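What follows is a short report on a single structure.
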Amino acid sequence: MLKLNRRELPTVTFRRVLPEYLGPGGECFFAADARAGGAANPAYLGATERAMLVAAVKDLRLKAVITDEAEISEKSADILRDTFRARLGAMYDVCVIEWQSNIMDGDGPIICNRENFMALLDAHVPEIGQALLELEAEVLAAGNAILSETKATIKN
């Protein structure tokens with residue numbers, strides 16, 4: 001009997017068009033196939049809870065050491081950015097099956113790996129940041145839909 005690899009079917013199929021200047025000419029896009037997140041995915045839930053716990057501890061330490069409101073505000077923004085990075089990393093590790101894009105990185109299209117996925121945060125392109133937030137929202141919505149269906153099935 002053959003033991004062929006099977007393609008995992010994604011729960012979320014995501015695609016966003018990005019500004020043309022990011023691509024090779026013509027339409028530029030960011031796309032991803034992903035599993036559901038949230039409570040329907042315990043590994044995702046655990047990873048994001050760890051990220052949120054680390055952020056809460058950093059925030060408490062910050063407020064215990066620093067009294068200047070302006071400095072607290074600046075450092076809190078750094079903590080928020082680090083927390084989003086950790087959540088995005090958790091989503092990539094646990095939920096993203098594969099991603100594609102034709103964003104130009106130098107002279108060629110971006111290599112679609114984890115390192116570059118995470119580097120998209122540092123690109124400082126609002127449309128890319130928005131696409132990543134929307135991907136996270138769709139992954140969470142898929143998890144909520146699965147959880148709702150499961151609860152409805154249990155009721156019946």
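The values are calculated or read from the model by the stated rules, or taken from the named source; none is laboratory data. What you see is a predicted model; the values in this text were computed from it and never measured. Please note: Cβ atoms are built from the backbone with ideal geometry, for glycine as well, and neighbour counts cover all protein chains shown.
A quick yes/no check of all residues on (1) assigned to a loop (DSSP other than H, G, I, E, B); (2) at pLDDT below 95; (3) closer than 18 Å to residue 87 by Cα:
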{"position": "6", "(1), (2), (3)": "yes, yes, no"}
{"position": "10", "(1), (2), (3)": "yes, yes, no"}
{"position": "17", "(1), (2), (3)": "no, no, no"}
{"position": "33", "(1), (2), (3)": "no, no, yes"}
{"position": "44", "(1), (2), (3)": "no, yes, yes"}
Looking for something assigned to a helix (DSSP H, G or I), within 16 Å of residue 31 (Cα to Cα) and without any contact (Cβ under 8 Å) to a residue 12 or more places away in the chain - is there at least one such residue anywhere in region 133-147? yes
Counting just the residues of region 113-134 that are more than 13 Å from the chain's Cα centre (by Cα) and closer than 13 Å to residue 22 by Cβ, which one comes out surrounded by the fewest Cβ atoms within 10 Å (Cβ to Cβ)? 124
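For (1) assigned to a helix (DSSP H, G or I); (2) buried (at least 18 other Cβ atoms within 10 Å of the Cβ), each residue gets a yes or a no:
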residue	(1), (2)
30	no, yes
48	yes, yes
57	yes, no
67	no, no
70	yes, no
76	yes, no
80	yes, no
Residue 53, sole failed condition from (1) surrounded by 18 or more Cβ atoms within 10 Å (Cβ to Cβ); (2) assigned to a helix (DSSP H, G or I): (1)
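Take residue 61 and tell me if it is of a type in the set (Lys, Arg), in contact (Cβ under 8 Å) with a residue 12 or more places away in the chain and not in a loop (DSSP other than H, G, I, E, B). Before you say what the answer is, go through the steps one by one.
Values: of a type in the set (Lys, Arg): yes; in contact (Cβ under 8 Å) with a residue 12 or more places away in the chain: no; not in a loop (DSSP other than H, G, I, E, B): yes.
The answer is no for residue 61.
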